[in-house]
1. Have a look at I18, I140, I94 and tell me which one the Gaussian network model of the chain (Cα, springs below 10 Å) gives the largest fluctuation.
2. So for the pair I69, L47, with labels modelled 7 Å out along Cα→Cβ, what separation do we get in nm?
3. Stokes-Einstein diffusion coefficient for the chain at 4 °C in a medium of 1.567 mPa s, Rh from the Kirkwood formula over Cα pairs: what value in µm²/s?
4. Put a dot 7 Å past each Cα toward the Cβ at E38 and R132; how far apart are the dots in nm?
5. Give me the tail of P(r) for region 1-63 as a percent: Cα-Cα pairs with distance above 16 Å.
Amino acid sequence: MKIALSSDHRGFQAKERIKSQLRAMGHEVEDFGCTSPEQCDYPDTALPASKFVADGLAQAGILICGTGIGMSMTANKVRGIRAALCHDELTAEISRRHNNANVLCLPADLVGEELLKRVVDTWLRTQFDGGRHARRIEKIAEFESNGHQE
């Protein structure tokens with residue numbers, strides 16, 4: 001699977017570890033930065049990574065900042081993105097099974113390294129349940145297609 005990956009300065013170290021994890025799992029990674037722990041603005045990396053996913057150039061995205069909130073808010077501005085902020089394996093699983101999240105947002109400052117690895121693994125292994133959940137995802141897509149997304 002091809003995965004778009006990005007972080008801000010707070011998530012840089014976690015991004016580098018996750019990049020290694022993803023490659024070890026056999027995934028292709030497109031890294032949208034940042035490239036160092038020097039201060040940067042999360043929209044500068046979240047938007048291009050999210051657009052890459054929305055354009056179908058990657059099957060998923062993983063975005064990391066201090067709390068995950070800024071990345072999540074930014075990613076969800078991109079039409080076609082369903083970004084989910086996950087703090088544990090359960091939220092990661094449900095975000096995929098019920099919400100068909102195509103972008104995982106992570107809080108580097110709030111979750112330890114081992115838990116981050118497990119969240120990523122769970123999120124990537126979990127499939128969308130479809131069924132009644134598909135109807136809900138279709139409603140979101142319809143809202144977006146009617147021009148209600150900025």
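Derivation of every value follows stated rules applied to the coordinates shown; laboratory data play no part. Since the model is a prediction, treat every value here as computed from it, not as a measurement. All Cβ positions, glycine included, derive from the backbone under ideal geometry; neighbour counts span all protein chains shown.
1. I140
2. 2.1 nm
3. 86 µm²/s
4. That separation, rounded to one decimal, is 5.2 nm.
5. For region 1-63, the fraction of Cα-Cα distances above 16 Å is 37 percent.
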